Amino acid sequence: MRLRRDGRWVLDGAHLTLRPGTITALVAPSGAGKSTLLRCLNGLLRPDAGTIELGGRDVGTLDARELRRRVGLVVQTPTMLPGTVRDNVAYALSGTTDAAVAAALDAAGLPAAFADRDAAGLSGGERARVALARAFSRSPEVLLLDEPTAALDAGTAELVGATLRRLADRGIAVCLAVHDVPFARAHADRVVGLDDRELG
Ligand SMILES: Nc1ncnc2c1ncn2[C@@H]1O[C@H](COP(=O)(O)OP(=O)(O)OP(=O)(O)O)[C@@H](O)[C@H]1O
Ligand SMILES: [Mg+2]
């Protein structure tokens, strides 16, 4: 896949295959295009050349809402909607129970009581975990995470790694862009560059 921004190639020959039930870590230097690639995969950006398929179907034939539902993305610096943490986790989900919100928060390393906190007052690491809880509370086929552990302490990062494994075990294709190579090696099934080749 290729994508040009401001007259230069930001992605040039990027290639990635994500498999159900598998955690893929995308490791490449800062500025290499990891975030750009993830944004292409859930339709926030459209590549200038190349194709993206979901279950053998060109994603260009899916409507944007369906694509976003099936392919979740946790962005690198998540923003919060006005309201409580519960509002943020349950956003655009109908009939979410307190128990489901609590389970999603727990999987992201936050106590259930966090649901009542005003999202505007959260720290960077807390926001990162609420964004993870929001993603965990949906059931995407593909879950993309951009530097999900960058703002987290080592213990919380391990917990997030274990949660990603549980999601993969449910058949979700998980892909995370990370700089933390030891974390990638510990938690991913494949550690690849932007050309889909496994790092040695
Ligand atoms: N909105 C934009 N307009 C123009 N260029 C952009 C835009 N967003 C990103 N770029 C450029 O695209 C390139 C790839 O950026 P991207 O954010 O995908 O890299 P990355 O691999 O995620 O880096 P990092 O590890 O620092 O997050 C960079 O050179 C960046 O400056
Ligand atoms: Mg990035």
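Normalising by the residue count of the stretch 123-200, find the relative contact order in percent from Cα pairs under 8 Å and 6+ residues apart.
29 percent
Could you give the size of the charge dipole of the chain about its Cα centre, using +1 on the Cβ of each K and R and -1 on the Cβ of each D and E, expressed in debye and rounded to the nearest 20?
With Lys and Arg at +1 and Asp and Glu at -1, about 360 debye.
With unit charges on the beta carbon (Lys/Arg positive, Asp/Glu negative), name the residue among VAL181, THR96, LEU44 whose Cα is farthest towards the positive pole of the charge dipole of the chain.
LEU44
Could you pull out every residue, at least 5 positions away or on a different chain, whose amide H is within less than 5 Å of the one on GLY21? Hs are placed 1.01 Å off N in the peptide plane, and Pro or chain starts have none.
Placed amide hydrogens put GLY171, ILE172, ALA173, VAL174 under 5 Å from GLY21.
Using the Cα centre of the stretch 2-192 as origin and beta-carbon charges of +1 (Lys, Arg) and -1 (Asp, Glu), tell me which of LEU3, ALA108, THR163 is placed farthest towards the positive end of the dipole.
So the residue we want is LEU3.
Whole number please: convex hull volume per residue of the Cα set in the chain, in Å³?
Each residue corresponds to 123 Å³ of Cα convex hull volume.
Out of all DSSP beta bridges with both ends in the chain, state the antiparallel percent to the nearest 5.
Antiparallel bridges: around 35 percent, rounded to the nearest 5.
Amide H of LEU45 versus every other amide H placed in the peptide plane: which residues, excluding those fewer than 5 positions away on the same chain, fall under 5 Å?
CYS40
Given a Förster distance of 35 Å, report the FRET efficiency between HIS15 and ALA92 from their Cβ-Cβ distance, rounded to the nearest 0.05.
Here the calculated transfer efficiency is 0.65.
Per DSSP H run of n ≥ 4, the term is -39500 (n - 2.57); total these for the chain, divide by its residue number, and report the mean residue ellipticity at 222 nm rounded to 500 deg cm²/dmol.
Dividing the helical sum by the residues of the chain leaves -9500 deg cm²/dmol.
Please grab the % of Cα pairs in the stretch 66-170 that end up more than 21 Å from each other.
Everything past 21 Å amounts to 25 percent.
Under 5 Å between amide H atoms, partner at least 5 residues away or on a different chain: which partners does VAL74 have, H built in plane at 1.01 Å?
When sequence neighbours closer than 5 places are left aside, the close amide H contacts are LEU144, LEU145, ASP146.
Semi-axes of the equivalent ellipsoid for the stretch 147-200, please: Cα gyration tensor eigenvalues, times 5, square-rooted, ordered largest first, whole Å.
18, 15, 9
How high is the relative contact order of the chain, in percent, counting Cα pairs under 8 Å that sit 6 or more residues apart?
Reported as a whole number, the value is 33 percent.
Bear in mind these aren't lab numbers, they're just calculated from the coordinates by the rules spelled out. Source: prediction; values computed, not measured. As a convention, Cβ positions derive from the backbone with ideal geometry for all residues, glycine included, and neighbour counts pool all protein chains shown.
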